[in-house]
Amino acid sequence: MTAHDPGTPPIAGLLLAAGAGRRFGGPKALAELGGQPLVLRALAILTAAGCHPIRVVLGAAADEVSALLPDPAQAVRAAGWETGMGASLKAGLAALDQETGPVAALVHLVDLPWVGADILARVAADATPETVARAAYEDVPGHPVLLGRRWWAEIAETAQGDRGARDWLAGRPDLELIECGDLGSGRDVDHRTDLPSTPPS
């Protein structure tokens, strides 16, 4: 899935970019890699993977991050974002639920510079409204996570704190892990020193 094929069901992109980055020293969405803010890099990767529509969930420095987006309509402000990823996921899924087309949502995080469009496309390749899947790196579960539309309301009800959908996913016998270690790494950046000196290819 690269550049949306009109003959396939649309898959929405949901970029979680609300965190304050306390250990990082500021919102990671605004940090730059190769002169490009991480939020725009992640947005470009979702776009290259064919996701449509895309929503970017904002919290810390929301005005600054929103001003960077090419389309202001992509921004979703999460109430209670300070409580953790659960609030962002809830706000993002609620926004996507207003869209009639997507059969699933591909959830991506702003602080994963080694996750490219090829990884997103692999995870999203066989999406249906019932799909529950996520990337794995050498058998370790990571992001992105693909959530079929059938489950959005259920996930939003249970998402809380920093765990996001982790507890909901843990109880799913139908969760499919899609190995992506050959394409990249699911490592995030907790500190500025974790950022690579040059953008991964």
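The values are calculated or read from the model by the stated rules, or taken from the named source; none is laboratory data. In this text, all values refer to a predicted model and were calculated from it rather than measured experimentally. Heads up, the Cβs are rebuilt from the backbone with ideal geometry, glycines too, and the neighbour counts pull from every protein chain shown. All accessible areas refer to the heavy atoms of the entire protein, side chains included, with ligands and DNA or RNA removed. Shrake-Rupley method; radii C 1.70, N 1.55, O 1.52, S 1.80 Å.
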Where the second residue is β-branched (Val, Ile, Thr) and the first is in a strand (DSSP E or B) and lies in region 84-106, which pairs have Cβ atoms under 9 Å and are six or more apart or on separate chains?
Ala104/Ile11; Ala104/Thr128; Ala104/Thr131; Ala105/Ile11; Ala105/Val145; Leu106/Ile11; Leu106/Val123; Leu106/Val145
Of the conditions (1) assigned to a helix (DSSP H, G or I); (2) over 16 Å from Leu96 (Cβ atoms); (3) touching a strand residue (DSSP E or B) at 6+ places or on another chain (Cβ under 7 Å), Glu130 satisfies every one except a single condition; which number is it?
(1)
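Going by the structure shown, is Ser88 small (Gly, Ala, Ser), surrounded by fewer than 23 Cβ atoms within 10 Å (Cβ to Cβ) and in contact with a strand residue (DSSP E or B) (Cβ under 6 Å, 6 or more places away or on another chain)? First the steps, then the outcome.
Working: small (Gly, Ala, Ser): yes; surrounded by fewer than 23 Cβ atoms within 10 Å (Cβ to Cβ): no; in contact with a strand residue (DSSP E or B) (Cβ under 6 Å, 6 or more places away or on another chain): yes.
For Ser88, the condition - small (Gly, Ala, Ser), surrounded by fewer than 23 Cβ atoms within 10 Å (Cβ to Cβ) and in contact with a strand residue (DSSP E or B) (Cβ under 6 Å, 6 or more places away or on another chain) - is not met.
Determine whether Asp188 is open to solvent by 20 Å² or more (accessible area, probe 1.4 Å) and within 15 Å of the chain's Cα centre (by Cα). Before the answer, list the steps.
Values: open to solvent by 20 Å² or more (accessible area, probe 1.4 Å): yes; within 15 Å of the chain's Cα centre (by Cα): yes.
Yes; evaluated as a whole, the condition is true for this residue.
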Top-ranked residue of region 48-80 - restricted to ones that are surrounded by fewer than 22 Cβ atoms within 10 Å (Cβ to Cβ) and in contact (Cβ under 8 Å) with a residue 60 or more places away in the chain, ranked as nearest to Leu183 (Cα to Cα):
Ala48
What pairs can you find where one residue is in region 152-169 and free of Cβ contacts under 8 Å to residues at least 60 places away in the same chain and surrounded by 13 or more Cβ atoms within 10 Å (Cβ to Cβ), the other is among the hydroxyl-bearing types (Ser, Thr, Tyr) and assigned to a helix (DSSP H, G or I), and their Cβ atoms are less than 9 Å apart, with a gap of 6+ or different chains?
Asp167/Thr158; Trp168/Thr158
For region 25-37, enumerate the residues that are in contact (Cβ under 8 Å) with a residue 40 or more places away in the chain, farther than 22 Å from Lys90 by Cα and open to solvent by 10 Å² or more (accessible area, probe 1.4 Å).
Gly25, Gly34, Gln36
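State yes or no: is Val145 touching a Pro at 6+ places or on another chain (Cβ under 9 Å), crowded, with 17+ Cβ neighbours inside 10 Å and under 17 Å from Leu15 (Cβ atoms)? Walk me through how you get there before you give the answer.
Numbers: touching a Pro at 6+ places or on another chain (Cβ under 9 Å): no; crowded, with 17+ Cβ neighbours inside 10 Å: yes; under 17 Å from Leu15 (Cβ atoms): yes.
When the stated conditions are applied, Val145 does not pass them.
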Does Pro102 count as touching a Lys or Arg at 6+ places or on another chain (Cβ under 7 Å) and within 17 Å of Leu147 (Cβ to Cβ)?
yes
Quick one: would you say Leu40 is more than 19 Å from Arg150 (Cα to Cα), surrounded by fewer than 24 Cβ atoms within 10 Å (Cβ to Cβ) and touching a strand residue (DSSP E or B) at 6+ places or on another chain (Cβ under 8 Å)?
no
Val115 passes all but one of (1) part of a loop (DSSP other than H, G, I, E, B); (2) more than 25 Å from Gln36 (Cα to Cα); which number fails?
(2)
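Just to be sure, is Ala136 within 21 Å of Ala42 (Cβ to Cβ), surrounded by fewer than 18 Cβ atoms within 10 Å (Cβ to Cβ), among the small types (Gly, Ala, Ser) and touching a strand residue (DSSP E or B) at 6+ places or on another chain (Cβ under 6 Å)? Lay out the reasoning, then the answer.
Details: within 21 Å of Ala42 (Cβ to Cβ): yes; surrounded by fewer than 18 Cβ atoms within 10 Å (Cβ to Cβ): yes; among the small types (Gly, Ala, Ser): yes; touching a strand residue (DSSP E or B) at 6+ places or on another chain (Cβ under 6 Å): yes.
Taking the combined requirement at face value, the residue satisfies it.
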